[in-house]
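Student: Can you read through this structure? Questions will come right after.
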Amino acid sequence: ANAADIDGVELYDELIALSELISPKTSPLKVLEFIARNDFFTPNTAIALCILLTLPVSVASGERSFSKRKLLNYFRSIVCQDLH
């Protein structure tokens, strides 16, 4: 027996059924709300959306830009000190 949380074939079937009821640009949260509001029986889709909506969003690129800015400011201060 397969102990997976989500059945891939059933998820595919659920997504096909949902695609006929919901516009393509609907956000994942709105799809989950639609499922809950309409008692639409799509357990695999609901699980997948819950996982998707709880994944952390990476902020590494923002952190890198701040660290580069700090480094640039440091070098600017050194250069400016040398000019005086």
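Nothing in this text is a laboratory measurement; each read-out follows from the coordinates by a stated rule. Owing to the predicted nature of the structure, the values given are computational and were not obtained by experimental measurement. A quick note on method: Cβ atoms are made from the backbone with ideal geometry, for glycine too, and the neighbour counts reach across all protein chains shown.
Student: Please list, by residue number, everything in the stretch 20-38 whose backbone N is under 17 Å from a paramagnetic label point 7 Å out along Cα→Cβ of Val57.
Tutor: 26-31
Student: Restricting attention to the stretch 1-57, which trypsin sites (Lys or Arg not before Pro) occupy a DSSP loop and are surrounded by at most 16 other Cβ atoms within 10 Å?
Tutor: Sites meeting the loop and neighbour criteria: Lys25.
Student: Which chymotrypsin sites (Phe, Trp or Tyr not before Pro) does the stretch 6-41 hold that lie in a coil by DSSP with at most 15 other beta carbons within 10 Å?
Tutor: Hits after loop and neighbour filter: Phe41.
Student: Provide the net charge surrounding Val31, with neighbours chosen by a C-beta distance below 12 Å and charges set as Lys +1, Arg +1, Asp -1, Glu -1.
Tutor: Summing Lys/Arg as +1 and Asp/Glu as -1 gives +1.
Student: Also, quick follow-up: Full extension from Glu20 to Asp5: what is 0.36 nm times the residue separation minus their Cα-Cα distance, to one decimal in nm? Could you put the intermediate results ahead of the total?
Tutor: Working: separation 15, 0.36 × 15 = 5.40 nm, distance 2.47 nm.
Taking Glu20 through Asp5 to full extension adds about 2.9 nm, to one decimal.
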